[in-house]
Amino acid sequence: MAENFQLNVVTPVGKIVDAQVIELTAPGMDGEFGILPRHARYMTALGVGELRYRTVDGAEEVLAVAGGFAEVSHHQVSVLAQTAEDAAMVDVARAEAALQRAEARLAEPEEGVDIGRASIAVEKSLVRLRVAKARGIKPIYQPIVTTEMPIPGADADGDE
């Protein structure tokens, strides 16, 4: 039997995962990291991305996570995430709308718009949509496309 470890993923709304797993990959602030059984103690801040794990029965699972911390001990990984959603929890329409709003803010930023925050919103939405797609949930998002439209009553020279 393969070695395993306990994975607990908790958010402010409650426990999302309580499972025995054999491997884990998660988004750290400095890049993705992987955990196998008997990993050395480790603690890191989480970034935005996909938390992937394989359970002892071979099932591969994926969560969209953003922010928080992961603590690794000899037989347990505790993830305290600001947000964590599996595919069934992702509201695809809401994620698509958030993506469109954030892209619009970045495309034509107004004074006072926090570009960093809008960039993170784009990243979070894309991760949520990837997680949904990985489980067969079809996003309907179409990127924003802009075109120039002629002004009615004006000719090509701009004369009326």
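Some points to look at:
- Each peptide in 3-12, 109-118, 51-60 gets a packing score, the mean of other Cβ atoms within 10 Å over its residues, and the list from highest to lowest is 3-12, 51-60, 109-118.
- Modelled spin-label separation between D18 and R135, with each label point placed 7 Å from Cα along the Cα-to-Cβ direction: 1.9 nm.
- Pairwise FRET efficiency - Q82 versus D30, Cβ, R0 = 22 Å, nearest 0.05: 0.80
- Given charges at beta-carbon only (K, R positive; D, E negative), |dipole| of the stretch 67-120 in Debye: 100 debye
- Here's the picture: a label point sits 7 Å out from the Cα of H75 along the beta-carbon direction, and within the stretch 23-57 the residues with their amide nitrogen under 12 Å of it are 38.
- R41-M89 FRET efficiency (beta carbon distance; Förster radius 22 Å; 0.05 resolution): 0.15
- Debye-formula intensities of the stretch 13-69, expressed as log10 I(q)/I(0) at q = 0.22, 0.28 Å⁻¹, are -0.94, -1.31 (one equal scatterer per alpha-carbon, no solvent).
- Distance from the stretch 7-35 to the stretch 65-79 (C-alpha centre basis), Å: 6 Å
- This model, with +1 at the C-beta of Lys and Arg and -1 at the C-beta of Asp and Glu, gives the stretch 5-87 a dipole about its Cα centre of some 280 debye.
Readers should treat all values here as calculations from the given coordinates under stated rules, not as data from a laboratory. No experiment lies behind these values; they were computed from the predicted model shown. So basically every Cβ, Gly included, is an ideal-geometry build from the backbone, and we count neighbours across all protein chains shown.
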